[in-house]
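**Q** Let me begin by handing over the structure; questions about it come next.
Derivation of every value follows stated rules applied to the coordinates shown; laboratory data play no part. This structure is a prediction, so every number in the text was calculated from the model and none was measured. Backbone-built Cβ (ideal geometry, glycine too); neighbour counts: all protein chains shown.
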Amino acid sequence: AHGYYWSRWNKCIYSSRDFSDMVYIDNYVFNKDVYIQFNSTVGEYVGYTEHGVMNARRFNNDPNLLQQERADVERYCKHNAELLQASITDKT
């Protein structure tokens, strides 16, 4: 099959029970290569290709987009981790 493949995936990484070390990563992938990434420890987008650098610059100049991505640590990661942890600990 010939063609192009684009995907976007994000993940939350943590190891502490209080989620104090939570990291949110949002990857943009083209043909299996990450070309742009938001990492909450960096706090902004980083481009890994010419196209990614161009888009990272554009995304980083949008304060609303950056605010939304930065908030995803609390809104998305910690919220879901708390739900998961509660469902596990309630079963013991």
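**Q** Name the residue from Ser7, Thr41, Cys77 whose Cα lies farthest towards the positive end of the charge dipole of the chain, charges +1 on Cβ of Lys and Arg and -1 on Cβ of Asp and Glu.
**A** Farthest towards the positive pole: Ser7.
**Q** Moving on to the next point. By how many degrees, 0 to 90 and rounded to 10, does the Cα axis of helix 50-60 deviate from the longest principal axis of the chain?
**A** With rounding to tens, the tilt is 50 degrees.
**Q** Follow-up. Given the Cα-Cα distance of Glu44 and Asp21 and 0.36 nm per residue of separation, how much length would full extension add, in nm?
**A** Using 0.36 nm per residue and subtracting the Cα-Cα distance, I get 6.5 nm.
**Q** Oh, and also: What ³J(HN,Hα) values, in whole Hz, does the Karplus curve 6.51 cos²θ - 1.76 cosθ + 1.60 give for the stretch 64-75 when θ = phi - 60°, with x put for Gly and Pro?
**A** 5, 5, 4, 4, 5, 5, 5, 6, 5, 4, 7, 5
**Q** Additional query: Along its principal axes, what span do the Cα atoms of the stretch 43-92 show, with the longest given first and each in whole Å?
**A** Here the Cα extents, ordered largest to smallest, are 50, 22, 11 Å.
**Q** If you don't mind, there's one more thing I want to ask. Add +1 for every Lys or Arg and -1 for every Asp or Glu among the other residues with Cβ under 15 Å from the Cβ of Ala71, and state the total.
**A** On the way: positive: Arg70, Arg75, Lys78; negative: Asp26, Glu44, Asp62, Glu69, Asp72, Glu74.
Within the 15 Å Cβ shell, the charges total -3.
**Q** Quick check: the angle from helix 79-89's long axis to the longest principal axis of the chain, C-alpha only, nearest 10 degrees?
**A** 40
**Q** Okay, next question. For the stretch 6-85, max minus min Cα coordinate along each principal axis, in Å, sorted largest first?
**A** In descending order, the Cα extents are 40, 28, 16 Å.
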